[in-house]
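*Asks:* Dumping the structure here so I can ask a few things about it.
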Amino acid sequence: MFPFLTALILLPAVGALALMVLPRTWRARSRHFALAFAVAEFVLAAVMVSQFDATRAGTHQFAEVYPWIPQIGTSWALGIDGIALLMIVLAVTLTPLAMLAAWKEDADPSRQMRYFALILVLQAFMVGIFAARDVFLFYVLFEAMLVPLYFLIGTFGGARRRQAAVSFLLYGLAGGLIMLVAVIALYFYGGGGPEAFLTANLVGLDIPVVPERLMFIGFFIAFAIKAPMVPLHTWLPDVAEQARPGTTALLVAVLDKVGTFGMLTLAIALFPNAAAWAAPVIIPLAVVSVIYGALAAIGQTHMMRLVAFTSVSHFGIMVLGIFVFTQTAVEGAAFYMFNHGLSTGALFLLVGFLVSRRGSALISDFGGLQKVTPVFAGLFLIVGLSALALPGLSPFVSEIMVLVGGFEVARVAVIVATAGVVLAAVYVLWAYQRVFHGATNPELDGTPDLSLRERLVVAPLIGVMLVLGFVPASAIDLVREPAATVVSYVAERER
Amino acid sequence: MTPDIQWLYLLPLLVTFGAGVVGILVESFVRHHENRRGIQIALTVAAILGALASVVGLWITLGSDSSVSIDGSTIALDSHSLLWQGLIALFALMSIGVFTARTSGEDAFVPLAASTPGSSDEALASRRGMLQTEVYPLMLFAVGGMMMFTMVQDIFALFVVLEVFSLPLYLLVGLARRRRLLSQEAALKYFLTGAFASAVYLFGAALVFGFAGASSYQAIASALASGAPSQELVVLGSALMLVGLLFKLGAAPFHAWTPDAYQGAPTAVTGFMAAATKAAAVAALVRLVYLAFAPEQEALGIVFPLDTVVWSLVAFAVVSMVVGTVMALAQDDIKRILAYSSIAHAGFLLVAVSSFTQEALQALPFYMAVYGIATVGAFAVVSLVRHRDEDGAWGAEASALEHWAGLGRRSPFIAGAMTLFLFSFAGIPLTAGFVGKFLAFRAALTDPSNWWLVAIAVVMSAAAAFFYARVVVAMFFRETPAGSVTGITAGRTVRVVIAIAAVLTILLGVFPSGALSLAETGAELFFL
């Protein structure tokens, strides 16, 4: 069978290399080349999706296993289940859109080439990390993807981008190195041999209580930094403020999902006893994230920071859904990972369009835009409503699944988290009101409405949210079996 | 009685030392500067290639699991020493590319070493275009000594060989063409502290000799095993011997010479010294503590002095990691940042050494290989970044971090290679440094009760990323300041070295299997 996953990883990597060796005179065209690669990647992924057997969504399909470093016990092992498939679809969809959004950001062709090449590198990592079926390979990609992001944040962005990039790198490395100790320790509890790190070979090990808990904590901290959970979220608002909207959109919408994805497919799968042991602590932390993120979002004056804090809140809902360990809630959390990517990705990109018009992201610099740019206002409202989980848009479906599924198990937590959903209405609608309604800021007169390119960026995301808002079944079918597997790990644990 | 010496097995040493002696003769008898320089370079490259070839040849003929004693008990050739000899030769070969580089017709070494800095003699020598090329034979002597250092199994022979490669190094440090006072000061500091460390080693060796009544590692191990009296002699003696070796390794608290020597020495020498000396020191240290003082060699259960060796290694590992990392955070000069980073790396190496496992024997050569390659590469980059005056003439190296601002814009490939080396030092995956760190930590975690040691190592790795990131920030995220007077010189051979180092750093990071099996073969020996 055609090695779809390896091809999906290599294609953007080759694209990035091709961009770098492009003759200088062609540099002005580099964005076209990059977009062509991203579209080709999308088409290739679409072919793969058409061959994915949705009736066996719980098994890892398109599996590839080749020895990589047998002395260490690691393999180039890839394979995707329903959840990983959704995440890869999200990645290959958002990448070309983020490229379109950054179409006119750079006048200098070399700078433009670097930006688009880095985005392609990032895409290779995004696909690889969701497809990795080997703990060591996952770890390598998990850490190495910090590098392109570090350059994306540090080279392209606001005045304080250097600090944001360094704090991002250090946060990521610190989390990763803690996880590294756990990864090495895991090796000693596994069977050893040239395939020691295959995830399948490490599930269901009999590990003594204390080491299992320590290893779980090691993995969890790394993932909690990625899926920004209070109190490990402090890097995100700075990065969101300083980085380009396209970078932030990819980072929050896709890459931060590695955190929740890792919790589902590694932390719980490898250490179910410890996961159950830690859940009573993690669930309150998740609820704190939900409320704190929402309150902080209400208080922001900078729109990128605002959206960043809404994501802290939304990631709280996902983590809550994962760690109540009921079928409906885990399904909801997995589905939410996808929907949140669409919704927040669109929100970041739209805010980016606002910033490019005004040269500022401060809410106070706006006002009354609706009369000048009606289409912009309408699309912004729809995307904003998706963030507050309005029925009819897909985030609603997943959020309600988490809350309903968790209610029986963690009643108080769910009730408090529901308050966070109410707060979401405040931060979204209040921000919308201040930006688009009221008296028109005289400096905004003559602001152009969304161009065709900009509409093309947002329309697909809204379209998918609408479709899945009304007929979510096809997507939920994809996450049902993987969610059942996760739930069974915890249900069938020995202690 | 004259010992029966197996000359064939000494081939790598004979080639190197022999070429060094010939080099001295060339220095004396070939008058014409340019001819002499050409001959010296050709001779040095040929000698090191010859040494490398004979190492490979011996590796193939000896097979993996045999050890040959060359003269009874003093030195031995086995896959362990061959592996390290190959590494040292590799570092030397790469360094030559940096040694030979010339900027505006001048190489990096003083034209007349005997002249007083700032004197009229010096000016005259410089104006006449005089050229001394004794660096090449000196380097060959150092390389030969380091190779021999990996083979020694006798505490007194170890002292002799230590001096054999140290003396040329002291001289090399003092030979910088520019900032000569700084260079001579560095050489003097290195020499004085080095002599002191050697003396401490010798005192320790005498105490151990007093305990065992013999000087070979084997005899010490069996004296320990049989529970010979006066154990306090070996406790104290082994600790003092460690001081001497850890000084060469550049581990804290015996590191004080490192920043000054690294900064003052000609950058080409710094790169060579940082990589090759460290490799030789690790190889000898491992042989000493694993063969003479190691628990695995004991038949009679736990022996007291061994614990002290283990614990002092652990303590020095912790101190080195902490001191190196914390001090590096406060530096503003690239050479000093790299110097303190080398101290931290000495700590990481000691973490692996102190585990006394076969995994460590596998991890150490690999770690050292990736560290050494990146070090030679990084210092090669440093040697290219220079000041230039109004006329565009090249001046001294611009190693202050502020001068590096915006380098990535002007020279993306050189700056990109430097970034790669720094990421390798930091242990970021897909660079070779990550695999090295992984192996070292794995060796330490073989005994899970060591988790706290690994935890410290991990915290220090994360903190270390901060100062590596600072350099990257300067190169890529800052604009070149207006009126900048720094530039990157042409240095073709240096660029070749940088390219080779960069390719190796990626290759060993992505496909380390081949190198790992070599290291595995070398590791089997001690634990058969």
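Where a number appears in this text, it was derived from the coordinates with a stated rule and is not lab data. Predicted, not measured: the structure shown is a model, and the values here were computed from it. Using ideal geometry, Cβ is built from the backbone for each residue, glycine included, and neighbour counts are taken over all protein chains shown.
*Asks:* Arrange A:Asp206, B:Asp107 by Cβ neighbour counts within 10 Å, fewest through most, would you?
*Replies:* Going from sparsest to densest Cβ surroundings: A:Asp206, B:Asp107.
*Asks:* Checking a compactness column here: for region B:7-527, what do you get for Rg(Cα) / (2.2 N^0.38 Å), N being the number of residues?
*Replies:* 0.94
*Asks:* Specify which residue in the list B:Leu240, B:Trp451, A:Ala483 is farthest towards the positive end of the charge dipole of the protein assembly as shown, using unit charges on the beta carbon of Lys, Arg (+1) and Asp, Glu (-1), about the Cα centre.
*Replies:* A:Ala483
*Asks:* If contacts are Cα pairs under 8 angstrom and at least 6 residues apart, what is the relative contact order of region A:4-491 in percent?
*Replies:* Over region A:4-491, the number comes to 17 percent.
*Asks:* While we're looking at this one, here's another question. Return the long-range amide H neighbours of B:Ile75 (sequence gap of 5 or more, or a different chain), with a cut-off of under 5 Å between placed amide H atoms.
*Replies:* Distant-sequence amide H within range of B:Ile75: B:Ile70, B:Gln153.
*Asks:* Now for a separate question. Using only alpha carbon pairs under 8 Å that are at least six residues apart, calculate the relative contact order of chain B and give it in whole percent.
*Replies:* Reported relative contact order: 15 percent.
*Asks:* A further question on this structure: Starting from 0.36 nm per residue, how many nanometres of slack lie between B:Asp389 and B:Ala228 once their C-alpha separation is accounted for?
*Replies:* Length gained between B:Asp389 and B:Ala228: 51.1 nm.
*Asks:* Report, in debye and to the nearest 20, how large the dipole of region A:4-491 comes out about its Cα centre when Lys and Arg carry +1 and Asp and Glu carry -1 on their Cβ.
*Replies:* 1180
*Asks:* What whole-number value in cubic angstrom gives the convex hull volume per residue for the C-alpha atoms of the protein assembly as shown?
*Replies:* Convex hull of Cα atoms, per residue: 168 Å³.
*Asks:* Let me ask another. Would you compute, from DSSP H runs of 4+ residues alone, the mean residue ellipticity of the protein assembly as shown at 222 nm, taking -39500 (n - 2.57) per run and dividing by the full residue count, rounded to the nearest 500?
*Replies:* Using -39500 (n - 2.57) per qualifying helix, the result is -23000 deg cm²/dmol.
*Asks:* Something else now. Hey, with R₀ at 30 Å, roughly what FRET efficiency would B:Ser119 and B:Asp332 work out to, going by the Cβ-Cβ distance, to 0.05?
*Replies:* The pair B:Ser119/B:Asp332 has a calculated efficiency of 0.45.
*Asks:* Let me ask something else. As an exercise, identify the chymotrypsin sites (Phe, Trp or Tyr not before Pro) in region B:342-371 lying in DSSP coil whose Cβ has no more than 10 other Cβ atoms within 10 Å.
*Replies:* Within region B:342-371, no chymotrypsin sites (Phe, Trp or Tyr not before Pro) qualify (loop, at most 10 other Cβ atoms within 10 Å).
*Asks:* Net charge around B:Ala462, counting only other residues with Cβ within less than 15 Å of its Cβ (Lys, Arg = +1; Asp, Glu = -1)?
*Replies:* Its environment carries a net charge of +1.
*Asks:* Over what distance in Å are the Cα centres of region A:358-402 and region A:268-298 separated?
*Replies:* 27
*Asks:* Between rounded, prolate and oblate, where does chain A land on the alpha carbon gyration tensor, with a ≥ b ≥ c its root eigenvalues, rounded for a/c under 1.5, else prolate if a/b exceeds b/c?
*Replies:* Since a/c reaches 1.5 but b/c is at least a/b, the shape of chain A is classed as oblate.
*Asks:* Could you please rank A:Thr155, B:Thr446, placing first whichever residue has the fewest other Cβ atoms within 10 Å of its Cβ?
*Replies:* Ranking A:Thr155, B:Thr446 by Cβ neighbours within 10 Å, fewest first, gives B:Thr446, A:Thr155.
*Asks:* Another one. What does the C-alpha gyration tensor say about the overall shape of region B:131-213? Classify as rounded when a/c is under 1.5, otherwise prolate if a/b is larger than b/c, or oblate.
*Replies:* oblate
*Asks:* Give a residue-ordered list of calculated ³J(HN,Hα) values for region B:76-91 (Karplus: 6.51 cos²θ - 1.76 cosθ + 1.60, θ = phi - 60°; whole Hz; x for Gly, Pro).
*Replies:* Taking θ as phi minus 60°, the curve returns 9, 10, 8, 5, 4, 5, 4, 4, 5, 4, x, 4, 4, 5, 4, 4 Hz for region B:76-91.
*Asks:* Here is a further query. Which lysines have a Cα lying under 20 Å from the Cα of A:Lys226, excluding residues fewer than 8 positions away in the same chain?
*Replies:* A:Lys257
*Asks:* Here's another thing I want to ask about it. Starting from the Cα gyration tensor of region A:161-214, take the square roots of the eigenvalues, sort them a ≥ b ≥ c, and report rounded, prolate or oblate (rounded when a/c is under 1.5, otherwise prolate if a/b is larger than b/c, else oblate).
*Replies:* In terms of gyration-tensor shape, prolate.
*Asks:* Convert each backbone phi in region B:397-410 into a coupling constant with the Karplus relation 6.51 cos²θ - 1.76 cosθ + 1.60 (shift: θ = phi - 60°), then list the ³J(HN,Hα) values in order as whole Hz, x for Gly and Pro.
*Replies:* 5, 9, 9, 6, 4, 4, 6, 8, 4, x, 4, x, 6, 7
*Asks:* Let me ask something else. Just tell me which lysines come within less than 21 Å, Cα to Cα, of B:Lys335; anything on the same chain fewer than 8 places away is out.
*Replies:* Reachable lysines: B:Lys189, B:Lys248, B:Lys278.
*Asks:* Among the GluC sites (Glu not before Pro) within region A:399-495, which fall in a DSSP loop and have no more than 11 other Cβ atoms within 10 Å of their own Cβ?
*Replies:* A:Glu492, A:Glu494
*Asks:* Once you put a point 7 Å from the Cα of A:Thr55 and another 7 Å from the Cα of B:Leu112, both along the Cβ direction, what distance in nm separates them?
*Replies:* 9.3
*Asks:* Here's something else I'd like to know. Hey, got the dipole for the protein assembly as shown? About the Cα centre, +1 on K and R Cβ, -1 on D and E Cβ, debye to the nearest 20?
*Replies:* 2700
*Asks:* What is the local net charge at A:Arg162, summed over the other residues whose Cβ is closer than 12 Å to its Cβ (Lys, Arg +1; Asp, Glu -1)?
*Replies:* Around A:Arg162, the charge tally is +2.
*Asks:* What does the charge add up to near A:Ile283, with Lys and Arg as +1, Asp and Glu as -1, over the other residues with Cβ less than 15 Å from its Cβ?
*Replies:* For residues surrounding A:Ile283, the net value is 0.
*Asks:* Estimate the FRET efficiency between B:Arg31 and B:Ala400 by the formula 1/(1 + (r/R0)^6), using the beta-carbon distance for r and 51 Å for R0, to the nearest 0.05.
*Replies:* Working: r = 40 Å, r/R0 = 0.79.
Once the sixth-power term is evaluated, E becomes 0.80.
*Asks:* What's the Kirkwood radius of region B:217-370 in Å, using all Cα pairs?
*Replies:* 16.1
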